[in-house]
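Notes follow the structure.
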């Protein structure tokens, strides 16, 4: 199936370059030059991914991410931010707001394509069948659901994949680099700090039910999933 990508970028030359790269590589694309147009295009047929500039006429990329995450029909659409804001705190803010990846301008068409493909692979459902359960926390690959004491948890695709990896490999410590390779994949342009951001996102989801204690930081080594507190 041909993937459909929404390009949200106010600078016409950059938007045209991105659209050309997508077209040459077999993607469908739709374009928005401002916040309100982007909101309008987040409707059926929904895009499979959104490429999103930070600064937009009528609003910001961060505001659009928050809007998407509030809406049930768009909250799981993967988002790649495109921005000239390269400071670490900006990257962290973008990821913590709900973006799946963050590309700083200028970027090459080759890098853009690699990031798009990596995010799409990462956010695809895990194809497995047996459910995994620990002390009331259950992950069901068939339905792509996570429940805590039978209460459904809302979790993005990358957070789901990260939790699935941990629950499939309990009581073992993994470094950030190992988690990047296992969850994000090799040859992907993702920084170590990204792991910390997504760990926090998983913990925030688990915190109301108390299961965040299972996702443990091992000082100087990495992270571990354990039922031993």
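Readers should treat all values here as calculations from the given coordinates under stated rules, not as data from a laboratory. Because the structure is a prediction, the values reported are computed rather than measured. Here the Cβ is made from the backbone with ideal geometry for all residues, glycine too, and neighbour counts use every protein chain on show.
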Practice problem: Name the residue, out of 111, 159, 96, whose mean-square fluctuation peaks in a Gaussian network model built on the chain with Cα pairs under 10 Å. | Solution: 111
Self-check item: DSSP-defined beta bridges in region 56-179 - what % are antiparallel, rounded to 5
Solution: 75 percent
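What FRET efficiency comes out for residue 73 versus residue 221 if R0 is 45 angstrom and r is the Cβ-Cβ distance? Round to the nearest 0.05.
My answer for the efficiency is 0.65.
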Quiz item: Just for the chain, what percent of DSSP beta bridges are antiparallel, to the closest 5?
Solution: 50 percent
Practice problem: Counting only C-alpha contacts under 8 Å and six or more residues apart, can you give the relative contact order of the chain as a whole percent? | Solution: 13 percent
Quiz item: Between residue 25 and residue 60, what is the FRET efficiency for a Förster distance of 25 Å, r being their Cβ-Cβ separation, to the nearest 0.05?
Solution: 0.35
Quiz item: To the nearest 10 degrees, how steeply does helix 109-122 sit against the main Cα axis of the chain, on a 0 to 90 scale?
Solution: 40 degrees
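Using a 10 Å cut-off around each Cβ, can you sort 43, 209 from fewest to most neighbouring Cβ atoms? Before the final figure, lay out each step's value.
Values: 43 10, 209 14.
If I rank by nearby Cβ atoms, fewest first, I get 43, 209.
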Exercise. Per DSSP H run of n ≥ 4, the term is -39500 (n - 2.57); total these for the chain, divide by its residue number, and report the mean residue ellipticity at 222 nm rounded to 500 deg cm²/dmol.
Key: -11000 deg cm²/dmol
Quiz item: Taking the Cα atoms only, what angle lies between the long axis of helix 88-97 and the longest principal axis of the chain, rounded to 10 degrees?
Solution: 80 degrees
Exercise. Rounded to the nearest Å, what's the spacing between the alpha carbon centres of region 3-55 and region 149-187? Just the number, please.
Key: 29 Å
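Share of antiparallel DSSP beta bridges in region 4-122, in percent to the nearest 5?
Values: 2 of 19 bridges.
Approximately 10 percent, going by the DSSP bridge assignments.
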Practice problem: Could you work out how far helix 192-206 tilts from the main Cα principal axis of the chain, as a 0 to 90 degree angle to the nearest 10? | Solution: 60 degrees
